Every structure is written in C-alpha cells, then in structure tokens.
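Have a look at the structure below before the remarks.
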Amino acid sequence: MYDSVFLTLIFDDPKVNFMDSEEMKRRTKMFAINVGILTQRFPESQINRAYCNQIIRSSSSVGANYGAFRRAKSNADFINKLKIVEEELDESLFFLELLEVFNQPQKEEIKTLYAEGETLLKIIVASIISSRK
C-alpha cells in the first residue's frame, strides 16, 4: 500500500539515488544475512556469544519488520512499523560497535556492514519524516 514512499531518496551517499520497496526488501534481507556470515567468523567467547545473539536478532528483525511495514493498513500503522525498523537498525549498529572492539581482525568487514546499516537507517528515517508530512 505504501510502496510509493520509496521512489526517490537522495542522500550524501551516491550509491543511494533511487530506492523502491523491492530494493529495500532485498537490502534489509542481505543486511541480516551478512550479519550472520560475519558473526560466524568471530572466535568463540562469552562476549561474542552474547553480542552475536543480540545482533542476529536485531538485524533479522529489520527485514522482518520491513516486510510487515509493506502490509500496513493505515498511515499510523505504516509509521509505527517503520519506527520498529528504525529501532532495530539502531540496535544492530550499537552491537556492531561493540563487536568491533572485541574483534579487531574483522574491523574492516564490520565497518562495511556498519556503513550499510547507517544507509538503511537514513532511508528509514527519511521515510518516517516524509510520511508524517
């Protein structure tokens, strides 16, 4: 119902010039998959286990809740679901920061994934703002 919101979004990131809901669906899913792949590369430790469990939940929730947003029945429902996506992305970014501290060999991979999470977050926030207008 609200797929048209993701028609044209322009940010500082030149890679994000045109975004539709199918592309966002693909990117949110790939974000979760890439988080999963990354966490499998970390050495086994109590900290990694705890943080990885959290980030796996939050990053997969991004895609799941984005799917729910696409089925929103009203503008209020639409905004509410996007706010959940925003919160889950924010949480994922927080755990990427923590994991970077304890997993320096994967620092570049974490930074790449963090940048994608930030881009997705910018898109979601812009969508929330535009839907409120």
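Bear in mind these aren't lab numbers, they're just calculated from the coordinates by the rules spelled out. Given the structure is predicted, the values throughout are model-derived calculations rather than measurements. Backbone-built Cβ (ideal geometry, glycine too); neighbour counts: all protein chains shown.
Brief remarks follow.
- Listed peptides 34-47, 109-122, 84-97 appear in the order 84-97, 109-122, 34-47 once ranked by packing, highest mean of other Cβ atoms within 10 Å at the front.
- The mean sequence distance of close C-alpha pairs (under 8 Å, at least 6 residues apart), as a share of the length of the range 14-133, puts its relative contact order at 28 percent.
- Expected 222 nm ellipticity per residue - DSSP helices of 4 or more, -39500 (n - 2.57), all of the chain, to 500: -26000 deg cm²/dmol
- If the convex hull is drawn through the Cα atoms of the chain, its volume per residue in Å³: 92
- In the chain, the longest principal axis of the Cα atoms and the axis of helix 107-132 are about 20 degrees apart.
- Partners of Lys25 within straight-line reach, counting lysines whose Cα lies under 25 Å from its Cα and excluding those fewer than 8 residues away in the same chain: Lys15, Lys73, Lys81, Lys83, Lys111, Lys122, Lys133.
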